[in-house]
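Here's the structure we're looking at; comments come further down.
Laboratory data are not the source of any read-out in this text; all were calculated from the coordinates shown. The structure displayed is predicted, hence computed values, not measured ones. Note that we place each Cβ from the backbone using ideal geometry, even for glycine, and neighbour counts take in every protein chain shown.
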Amino acid sequence: MHPFELRTERLVLSAPMLGDAEAIREHCQDPVLSRYIPAITQPYTLEKAHEFIAFTEQGWASGEELTWGIRARGEFVGVISLRRVTADDIGFWLGAKHRGHGYMPEAVHAVLDWAFDPANPLRVGSVGWECLTGNLASASVARKCGFTFEGEGSGRRPDASGEHPLSWRGRIGAGDSRDPKPGWPRA
């Protein structure tokens, strides 16, 4: 599959490129990201950023994981992916200095719009979401985007040690309202 762009009023979602490596490296220095995303290990080097970009290229080529860089006013601010191999689930992160501007819910809605579009030959019936327990920021985005909280259990993906850490899960269906649902963890 060839990478394609998604656009919103304020954002352009496009495949990460080699020119984004330094921004990715810089954002991944954030201890919050490495706390909640096991793949982001410290120190996060430019070489790791290049490896991540190569991984996203493989995901696009196979169609198994579609990863977009999130760009606001031309600046690389974060990442969002739709993983087709694990229950069509969505994952995302945003650089620390770009949080609090509503970028991530806007990006999630763009990916959901594409994933649920009846004209899309790759259309899916539902999209899952998962994060490590305690990641209230990720849970807040999923809640704002209309996901239903399904509880907690062993994570679908193993961490660096091969364990499946305790995770929160949610899901949204193609016909579901995008209004926030009750029952989400809060601080």
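Per-structure values
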| read-out | value |
| --- | --- |
| Count of the stretch 92-102 residues which are farther than 20 Å from GLN29 by Cα and part of a helix (DSSP H, G or I) | 0 |
| In the stretch 130-187, the residues that are over 21 Å from GLY102 (Cβ atoms), of a type in the set (Gly, Ala, Ser) and in contact (Cβ under 8 Å) with a residue 40 or more places away in the chain | GLY134, ALA160, GLY173, ALA174 |
| So GLU106, is it charged (D, E, K, R) and in a loop (DSSP other than H, G, I, E, B) | no |
